[in-house]
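Q: Have a look at this one before I ask anything.
The values are calculated or read from the model by the stated rules, or taken from the named source; none is laboratory data. Just so you know, these numbers come straight off a predicted model, no measurement behind them. We place every Cβ from the backbone using ideal geometry, glycine too, and count neighbours over all the protein chains shown.
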Amino acid sequence: MLYFANPCGADSVMTAMLTEQLGYIDTPRQGNVRPEGVTWCADNGAFSDRFNEADWWRFLVENAHAASTCAFAVAPDVVGDAWRTMIRSRPWFAKIRALGYPVALVAQDGLEHQPIPWHDFDVLFIGGSTEWKLGPEARVIVADAKSRGKRVHMGRVNSERRFRYAKAIGCDSVDGTFLTFGPNQNLPRVLAWSRLNQQPTLEDA
């Protein structure tokens, strides 16, 4: 399971990204120069930044030449609100795909009560509140996504326990800020998580 991280300014982290041991997160306001050859994802910055639709779309257009190495581009979302997320996201799905990116829908609290347009996106991104994303509703949606051949990504994974949980429910990739704090010290730990040989169970996680 691939762990996507920020570049962190550490040579060791960048080397891990260039050798495909880590994925690279890019956002409209990150400000780093993404090296060629990394597997990356295009986040929209809505969770931690003030989302600006024009800046986000310009970012996707300017980086469309590298869409073939992008695991997914995240459609605009509203943190913690599936209904408002769907209203904001749906008009952008086809436009994102037209640029060549796989489209990610962010699953937020309450998605279990909404019709999910499975054919319109490629990756289910598990966001939402901590309680919801680790609860039974999200697990059911992940299982549904996997049964439909969709890839699943989980955000805010900053511990081995959370990593094991994401893997146990069927996620294909995760991201987190764990490496931002002490990247050289924490990189070996993240790489060790990624080399888990057994499929964890929910009891392990």
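Q: Can you tell me which residue is surrounded by the most Cβ atoms within 10 Å (Cβ to Cβ) among those in the range 76-103 that are aromatic (Phe, Trp, Tyr) and within 20 Å of CYS41 (Cβ to Cβ)? I'd like the intermediate steps shown before the answer.
A: Initially, the range 76-103 is screened for residues aromatic (Phe, Trp, Tyr), giving 83, 92-93, 101.
Within this subset, residues satisfying the condition of being within 20 Å of CYS41 (Cβ to Cβ) are 92-93, 101.
Values: TRP92: 21, PHE93: 18, TYR101: 25.
For the range 76-103, the residue satisfying everything is TYR101.
Q: Now a separate question. Consider the range 125-162. How many of its residues are at positive phi and crowded, with 20+ Cβ neighbours inside 10 Å? Outline the logic, then answer.
A: So in the range 125-162, the residues at positive phi come out as 128, 149, 156.
Then drop every residue that is not crowded, with 20+ Cβ neighbours inside 10 Å, which leaves 128.
Result for the range 125-162: 1.
Q: Hey, SER173 hits all of (1) surrounded by 18 or more Cβ atoms within 10 Å (Cβ to Cβ); (2) under 16 Å from THR130 (Cα atoms); (3) of a type in the set (Ser, Thr, Tyr) but one; which does it fall short on?
A: Only one criterion is unmet by SER173, namely (2).
Q: A further question on this structure: Would you be able to tell me the number of residues in the range 70-81 that are farther than 16 Å from HIS119 by Cα and in contact (Cβ under 8 Å) with a residue 40 or more places away in the chain?
A: 4
Q: Of all residues in the range 162-189, count the ones that are of a type in the set (A, V, I, L, M, F, W, C) and assigned to a helix (DSSP H, G or I).
A: To start, the set of residues in the range 162-189 that are of a type in the set (A, V, I, L, M, F, W, C) comprises 163, 166, 168-169, 171, 174, 178-179, 181, 187.
Subsequent filtering for residues that are assigned to a helix (DSSP H, G or I) retains 163, 166, 168, 178-179, 187.
Residues that pass the stated criteria total 6.
Q: Which count do you get for residues in the range 20-66 that are more than 15 Å from the chain's Cα centre (by Cα), among the hydrophobic types (A, V, I, L, M, F, W, C) and within 16 Å of TRP92 (Cα to Cα)?
A: Number of matching residues: 8.
Q: Sticking with this one: If the requirement is being part of a strand (DSSP E or B) and surrounded by 18 or more Cβ atoms within 10 Å (Cβ to Cβ), which of these qualifies: PHE72, PHE59?
A: Values: PHE59 fails: part of a strand (DSSP E or B).
It is PHE72.
Q: In addition: Kindly provide the set of residues from the range 86-104 that are under 15 Å from VAL152 (Cβ atoms) and either touching a strand residue (DSSP E or B) at 6+ places or on another chain (Cβ under 6 Å) or at pLDDT below 95 (or both), ordered by number.
A: Taking the range 86-104 first, the residues under 15 Å from VAL152 (Cβ atoms) are 102-104.
Once the filter is applied, which keeps residues that are under 15 Å from VAL152 (Cβ atoms) and either touching a strand residue (DSSP E or B) at 6+ places or on another chain (Cβ under 6 Å) or at pLDDT below 95 (or both), the range 86-104 yields PRO102, ALA104.
Q: Quick check on my filter: what residues within the range 134-161 are free of Cβ contacts under 8 Å to residues at least 24 places away in the same chain and either outside any helix (DSSP H, G or I) or closer than 21 Å to TRP193 by Cβ (or both)?
A: GLY135, GLY149, ASN158, SER159
Q: Which pairs turn up if I take residues in the range 1-23 that are hydroxyl-bearing (Ser, Thr, Tyr) and look for partners that are not in a helix (DSSP H, G or I) with beta carbon separation below 6 Å, at least 6 apart in sequence or on another chain?
A: Filtered contacts from the range 1-23: TYR3/LEU22; TYR3/VAL174.
Q: Across the range 104-124, which residue is surrounded by the fewest Cβ atoms within 10 Å (Cβ to Cβ) among those that are assigned to a loop (DSSP other than H, G, I, E, B) and not small (Gly, Ala, Ser)?
A: We begin by selecting, within the range 104-124, every residue assigned to a loop (DSSP other than H, G, I, E, B); these are 108-110, 114-117, 121-122.
With not small (Gly, Ala, Ser) added as a condition, the list becomes 108-109, 114-117, 121-122.
Numbers: GLN108: 26, ASP109: 21, GLN114: 13, PRO115: 7, ILE116: 19, PRO117: 12, PHE121: 24, ASP122: 20.
Residue satisfying both the conditions and the ranking: PRO115.
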